[in-house]
Each structure stands twice: as C-alpha cells, then as structure tokens.
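What follows is a short report on a single structure.
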Amino acid sequence: MSETVPVADIRVAVPTNEPRKGRIAILTADKVEDIEFFYPYYRFVEAGYDVDVITPSGGALTGAAGLGIAQTLAVADVAASDYLLLYVPGGYAPVELGGSPQALEFIRAFAAADKPMGLVCHGPQVLISAGLAEGRRLAAWYGVRSEIEAAGGTWIDEPVVQDGAIFTARKPGDLPVELHRIMAHLRTLEQQPA
C-alpha cells in the first residue's frame, strides 16, 4: 500500500522547472467564472510566470461553479509595481471588485504605469468602475455593451481587442486567442532592455 501525501490545495498550480520570468496578478473575487480564472492562471504558470491571486480581502476564493483555491492575497497587501501584468476574469466577480476602492486603485495604478492588462467577459466592468473605459475600444460579453458605451467606450464584437496595453475578450471561448496575444506581448516585453 502506497502512502498518500496530504495536499493542502489540489488546484494550486505547480510551477515548471523553467527559469521564472516575473510575476502576474490575477485580480478577482468570489463567483468568478471558473474557467475564466483557471485557464489563464494555469497558462501563465505553464509559461514560467509566478502568479498571485488577489481578492478584495484575501482568503479563500470560490468560483461560480464551486471551484476555487484556498488562499489568495488581499489587494491592500500588494502593489502594482511588483507585477508585469494584471488579469481580470469575469463572472460576477467584477461587480464585487467595482465596489472595492482598493481594487480600483490597484487597476488605476496599472493603467497609470501603462502596464498590460487582460480582461475577459464581464471583466471590463472594472475598467468602467475605475473610470478607465472612456475612449477605449473593448471586447466584452454582449450584456456589458451598454455599460461600455455609457462610459464613453466602444464595444467591439471580436474575440480579442487590443487598445494600447489593454487586451479584452468577449467570452470563455475567446480565451485561447486572447492568451495567445497576451503571451506574445509579454515575450516582446522580455526582449526590451531593462
């Protein structure tokens, strides 16, 4: 009989043995669309990035379908300057993030530093809440179209839209295309002199 090793959290990504390339922040909250969280989370780790999952108050994260992870960092305990990229998945989480002044300040710090951000589905709602949608071209779930337009942005019905350093996508099925573009952008950043 083999011995089992206790695992604190079976969904926490195990990093590859590749050299680490830097840190990425995933900002979310409970009721996140599970696939919109886990697909990029695992993809970034697989590509050699360290990923911090950040929520308004830290602790456990539970997705809309019941998946999640046991431990996250509180947004009050992190700084945008420590990360290469910010990713915001959708579901109901962006509504909670929109009510968190610290989360909105974190997002604004990324925008002010012109650091890349990726958002999917309802994720662009946090750009609206942070006052960052005006004048931007954004892909998002069709139900967010009127909010984007009311905030002065333009809703684009395409799998991925890049507006400056902001990458947006409409739905979970767009994630492969969006993540492909984000990873290509990160590779160009790696090649720039420090």
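Note on segment 48-62: residues that are open to solvent by less than 20 Å² (accessible area, probe 1.4 Å) and in contact with a Lys or Arg (Cβ under 7 Å, 6 or more places away or on another chain) total 2.
Is at least one residue of segment 22-32 in contact (Cβ under 8 Å) with a residue 12 or more places away in the chain, in a helix (DSSP H, G or I) and open to solvent by 20 Å² or more (accessible area, probe 1.4 Å)? Scanning segment 22-32, I find no residue that is in contact (Cβ under 8 Å) with a residue 12 or more places away in the chain, in a helix (DSSP H, G or I) and open to solvent by 20 Å² or more (accessible area, probe 1.4 Å), so the answer is no.
Return yes or no: is Thr62 modelled with pLDDT of 95 or more, closer than 14 Å to Phe38 by Cβ and among the β-branched types (Val, Ile, Thr)? Judged against the criteria, Thr62 is not a match. Taken together, Tyr92, Tyr83 contain a single residue that is touching a Lys or Arg at 6+ places or on another chain (Cβ under 6 Å) and open to solvent by 30 Å² or more (accessible area, probe 1.4 Å), which is Tyr92. Inclusion of Val177 among residues that are open to solvent by less than 10 Å² (accessible area, probe 1.4 Å), of a type outside the set (Ser, Thr, Tyr), within 24 Å of Tyr41 (Cα to Cα) and assigned to a helix (DSSP H, G or I) is not warranted. For the residues Glu147, Glu190, Glu158, Glu134, the requirement of being touching a helix residue (DSSP H, G or I) at 6+ places or on another chain (Cβ under 8 Å), more than 23 Å from Leu73 (Cβ to Cβ) and open to solvent by 10 Å² or more (accessible area, probe 1.4 Å) singles out Glu147. Scanning segment 63-72 for residues being out of contact with any helix residue (DSSP H, G or I) (no Cβ under 9 Å at 6 or more places or on another chain), without any contact (Cβ under 8 Å) to a residue 60 or more places away in the chain and loosely packed, with under 15 Cβ neighbours inside 10 Å gives a total of 0. As a summary of the residue check, Val53 satisfies the conditions (1) assigned to a helix (DSSP H, G or I); (2) out of contact with any helix residue (DSSP H, G or I) (no Cβ under 6 Å at 6 or more places or on another chain) except for the one numbered (1).
Here Ala103, Ala165, Ala139, Ala169 are screened, and the one residue that is in contact (Cβ under 8 Å) with a residue 40 or more places away in the chain, touching an Asp or Glu at 6+ places or on another chain (Cβ under 8 Å) and either surrounded by fewer than 14 Cβ atoms within 10 Å (Cβ to Cβ) or under 16 Å from Pro89 (Cβ atoms) (or both) is Ala169.
Helices (runs of 4 or more DSSP H) fully within segment 93-159 that include at least 2 residues being of a type in the set (S, T, N, Q) and on the phi < 0 side of the Ramachandran plot: 125-129.
The residue list Pro124, Pro116 contains one member that is at pLDDT 95 or above, crowded, with 16+ Cβ neighbours inside 10 Å and touching a Pro at 6+ places or on another chain (Cβ under 9 Å), which is Pro124.
The values are calculated or read from the model by the stated rules, or taken from the named source; none is laboratory data. Not measured: the values here are computed from a predicted model. Cβ atoms come from the backbone with ideal geometry, glycine included; neighbour counts cover every protein chain shown. Please note that ligands, DNA and RNA were not included when accessible areas were found on the heavy atoms of the full protein model with its side chains. Shrake-Rupley method; radii C 1.70, N 1.55, O 1.52, S 1.80 Å.
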